[in-house]
Each structure stands twice: as C-alpha cells, then as structure tokens.
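Contents: one structure, followed by commentary.
The values are calculated or read from the model by the stated rules, or taken from the named source; none is laboratory data. As the structure is a prediction and not an experimental result, all values here were calculated from the model. Cβ: placed from backbone, ideal geometry, glycine included. Neighbour counts: every protein chain shown.
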Amino acid sequence: MRGAPLALLAVLLAGAAPAASPLLVTVTEVRPTGAILWARAARPGPVTIEVGVARVEAAHTVTAQAAAADDLIVRAPLDGLAPATRHRYRVIQGSERVDGAFTTAPAADVPARVRFVWSGDLGGGGLCRPAGGEYRIFRAMRQRAADFFVFAGDTAYADVACNRPGTIPGAGFRATTLAEFRARHRYNREDPAFQAFLRQTPVYATWDDHEVRGDFAGTSEPLMPVGRQAFLDYWPVAAGDDRTRIYRSMRWGRLLELFILDTRQYRSDNRLPDSSRKTLLGAAQRRWLLQALPASTATWKVVVSSVTLSVPTGHPERRDGWSNASILGLAPERGTGFVTERDAVLREFRLRGVRNLLVVAADVHHAEVIRHQPYRDWAFHELIAGPLSAPRGRPRPLDSRLGPRTLFARGGLFNFGEVTVEPARLTVRILDEEGAELFTHAISPEQQGVGRRERRGGLATRDSPSAARAGATPEAPPR
C-alpha cells in the first residue's frame, strides 16, 4: 500500500482538517455491506481508491479512469464490506491524495444506536461561499460525529447567480446546460469546510427545486432532465436499475429506516387545483411508499421530504409544498397544493397501524419541531431544519388540518438538526452554525399498532396551539 498505512489514518483524521486538495470526495448510500465512493479527479487519467477497515493495514484497491466528458467524476461501488464497521479510504491521483472514513450500517436485526444530522438549502439567494472564508456551519456539523448526513434538498442553487460582492467567483450564472449545472454543484463541493465534513460523514441526498429552477414540476419543466443528471452525477444514489430514480429506502439496524422521497420529478403542475388527480409523488412512488413504509419492521420510520407537510409555500395560485393552507393556516375553498394526496397517504398509514413516524424536511429556511395529531388516536412528528447558507426565513402559521402543535420554532439563523435513536428513545436537537444547541426534545417509541377502523370526519379541522414559536409571521421567507 502506498504512503502511510491505513492503520495510521485514524491519527491523521483526528487532527485539524487537511489542506484543500483538488481531489473531491464523498461517500453516499452506505448499507450494511456496501456504499458508493464518489470522487472528482484533479485531471483526466487514472484514480486509485484504497478501502480498508480502520486499524487494519490490508486494503482493497480499485482503479478508475477520470474523463473530461464525465466532469472528471469517478464512482466506485464498494461491496463486501463488514456491517457496523468503521472503514478508512484513500483516493490517490499522482501526488494528490485524500483520506476519509465512514461507518457501515448494522444488520437489520441489531438494535444499534444511530445518530444523523440533516438540513438543506446551501448557497441560495447570493449567500454563496464567502471570500476568505467557508461554509462554517459544516465545521459544527463535523463535530457532531454523526453516522450520516441527510441532505434534504436545495443542494445547490443552480437557478440563482452567485454574484454578490465578497463571494468566491465561479458560480455567477444561472445554469441551463449540463456543464453549467455540474459547475454549480462543484462550486459548493469545493468548499473546504464542506469537504472536511464529507470526508468523515456519508450522505443520503435528495433534491428540491433549486437544483433546476424555483418551484419547478418535473412533468412540465424542460430543464428537469439535465438538472437531474447533474444532481445524480454529484450525489449518486442506490435506487435499483432505473438510473433516473431518486426515491429509495435505507435501513439502519432494528431502530431506523429512512424513506427518501423525490418531490420534484413526478409532480403535477403547481397551478392545478388540488384534487385526487393531482400528485406530488407520482403513481409509482406513492405505491412504493404505501407498501414499503407500513411493512417496515424498524422501530422508527423516517420520511425525508424536501418540502414540508404543514408549512404553506409558494403562492396561493401555485402552492409548491404539500399544504395549500392560507397565511392563517386555514383551508382555502380552492387550493392548489397537494393536500388530497398528503391526507390520503397519512390516512393509509393510520389504517395500517404505523407508529413512530417522523417526517424530516428543509426548504422553508427556518427550524421547527412539530407534533401533528390529525386524528384523535394517531400522531406523528415533523422536523424542519435549514438553511445551511441561504436567506433566513421566519416561522408562520401551520396547516390546521394536521392538528399541529409546535414544540419549537426559530428563524433568522443558519441551522441544522440532529436525531439520535436509542432503544428507549429518540432525541431531536436543533443547533446553530456554531454548534450551540437551541432545543432538545426526547420522544419515546410507541408499540407498533394494528390497523384501525376509519372514523367519520377524516383529518382534524381544528386549530391547535403552537407553543414556543419565535418570530411567527404569515409572511413567506425568501427562497
């Protein structure tokens, strides 16, 4: 093996972040026995990837060819890994080398503790990489030593130019070609703090609108295919044989299963009136979700949705999220959101006896922890975080049909969330860009239920109290 043995990488990685390298790396889609190692080379030519178990010198070596036509991107599927094991890797091209690490998921029957962080909205509204600085929130996120990061959309703002004074040049354009969309992802990925974080923390990513164009619907957006290709080039997923599919699930031991949604590719046009024919998920994704989630044997089921269930976004004539509520949180006579589909999915979850459901989201540029009780005998939590670096928003009234009760809400700051799952409880934290804990809340798991008989009246229509809402306002945040 070249250079220092993998057994010494723990020492190297434990200290200060390494100097910036033209080699970029990320590990995605970690499973019990596999993962995807992504790298962008410094130049065309061979790239060597060495992977081994921490504190063991033997390493598996893969060589891939970086080509200009592929934006110098190489992807190495890693198979045959040991479950629940810390692995070290090294990416080498010529004199350049980058070291990193990741932990594989435990087997599905192991009740292992797990911690993940989540957020979204990076480099939006001109709040791009600062000249002489970095996206410093990733330094705080790295200190949390999470098992993985859920990047819940707006991984790049390809439709908003980074041309404010005091920002690093290289993204002062709105992307319309594959090369430009790739360049916008690369611009964020090159940030030193982000790279230091990614070298230690694997990622499960999904997209939202700004990877293509604000509030777009994939069924009517001509730039969707090229924006999707650039996203998947930079955030490879393991979602089966369909190379355009983004939605998928990921199991982490007995305690946790993630269901990661694609809220863009298959959605109906936002301007259409809400009805049983309007869809945000598309028929195939909705069918998958309604089959896979109720069948999960994990204690906690976490749905990753890049748009929130309860916070109305967009404009009344073209709502962009699930909710079509008014600025007061009330149901309109003629809404344009996706409430019919949302409520049908939630109703099916309740009827199938789903317990311990959480929805993790970003998009609205403020942090919020909400307990929804749309039925008297059924409740779940929605966890919202962000932005990482984008215009800061404010909390505002929630969709009253979900019976929401806000446990915490805070706007006006960059932030991320953390979830720690243990056999006896799940703990959610909201943290600011310095890593200060703003809020902590523990949730005990419920016993898995059985199917329930539908009661008359459907979802709740009453307003519910919203406690601890800092700076609540009916105004939509800048996006």
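Remark: pairs (first residue in segment 120-149, at positive phi and touching a residue at least 60 places away in the same chain (Cβ under 8 Å); second residue of a type in the set (Phe, Trp, Tyr) and surrounded by 16 or more Cβ atoms within 10 Å (Cβ to Cβ); Cβ separation under 7 Å; 6+ apart in sequence or on different chains) = Gly123/Tyr157.
Residue-wise test of (1) in a loop (DSSP other than H, G, I, E, B); (2) in contact with a strand residue (DSSP E or B) (Cβ under 9 Å, 6 or more places away or on another chain); (3) not polar (S, T, N, Q); (4) not assigned by TED's automatic domain parsing to the domain that holds Arg31.
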site	(1), (2), (3), (4)
Ile92	no, yes, yes, no
Ala112	yes, yes, yes, yes
Trp118	no, yes, yes, yes
Cys128	yes, yes, yes, yes
Gly133	yes, no, yes, yes
Arg139	no, no, yes, yes
Arg142	no, no, yes, yes
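In segment 217-247, the qualifying residues are those that are in contact with an Asp or Glu (Cβ under 8 Å, 6 or more places away or on another chain) and touching a residue at least 60 places away in the same chain (Cβ under 8 Å), and the one that is surrounded by the most Cβ atoms within 10 Å (Cβ to Cβ) is Gly227. Of the candidates Ala108, Ala161, the single residue that is among the aliphatic types (A, V, I, L, M), in a loop (DSSP other than H, G, I, E, B) and free of Cβ contacts under 8 Å to residues at least 40 places away in the same chain is Ala161.
Of all residues in segment 164-182, those that are without any contact (Cβ under 8 Å) to a residue 60 or more places away in the chain have Cβ atoms under 7 Å from Cβ atoms of residues that are among the basic types (Lys, Arg) and not in a helix (DSSP H, G or I), 6 or more apart or on another chain, in Thr167/Arg129; Ile168/Arg129.
When restricted to residues that are aliphatic (A, V, I, L, M), out of contact with any helix residue (DSSP H, G or I) (no Cβ under 6 Å at 6 or more places or on another chain) and not in a strand (DSSP E or B), segment 55-90 contains 9. Filtered by the rule that a residue be closer than 30 Å to Pro165 by Cβ and out of contact with any Asp or Glu (no Cβ under 7 Å at 6 or more places or on another chain), segment 78-133 gives Ser119, Gly123, Gly125, Gly126, Leu127, Cys128, Pro130, Ala131, Gly132, Gly133.
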